[in-house]
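See below for the structure under consideration.
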Amino acid sequence: MAVIYTYWISTTLLVLLYLISAYTYATKKDWVRTVLVELNYPAPYLLPFMIVVKVLAPVAILSRASVGLSDLAYAGIFYHLLLSGMAHLGVRKLKGAVPALVGLVLLATSFATQNAAREAPSPYAPALAAHQSTPPERK
């Protein structure tokens, strides 16, 4: 039962992180463009794309319409957070890398515990729940 709570708490916090980020990208476009340019990213092209991705990825994970699509969203978020953190570290803005680090921890926790909380299991997530819920066989 604790694994299920861990999944839902970590997933909810990850989704909130992404939705707040999408909201910030949409409402504070000038500030976001400035930050993206400081990180050497092409802001005019990247900004609208990132707003859409930061909304669709959490929707794919929460809706779980397709396990494959959900796993693809996890992978996309993983690479986004990794590249975001590395970009901030590359320009020596350590405070900017903190949300990416928090997001990576939440993502890893959510991904690792998803099979315990969801009916359709992901073939890529560790079989953590199966080991905890079934007692070992006796010979």
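The set of residues from region 68-116 being more than 12 Å from the chain's Cα centre (by Cα) and surrounded by fewer than 17 Cβ atoms within 10 Å (Cβ to Cβ) comprises 68, 69, 83, 86, 89, 90, 91, 92, 93, 94, 95, 98. Of all residue pairs spaced 6 or more apart or on separate chains, those with beta-carbon atoms under 7 Å, a first member in region 63-90 that is on the phi > 0 side of the Ramachandran plot and a second member that is hydroxyl-bearing (Ser, Thr, Tyr) and open to solvent by less than 70 Å² (accessible area, probe 1.4 Å) are 64/70.
The values are calculated or read from the model by the stated rules, or taken from the named source; none is laboratory data. Since we're looking at a predicted model, the values are computed, not measured. Neighbour counts run over all protein chains shown; Cβ positions are idealised from the backbone, glycine included. Only protein heavy atoms, including side chains, enter the accessible area calculation; ligands, DNA and RNA are left aside. Shrake-Rupley method; radii C 1.70, N 1.55, O 1.52, S 1.80 Å.
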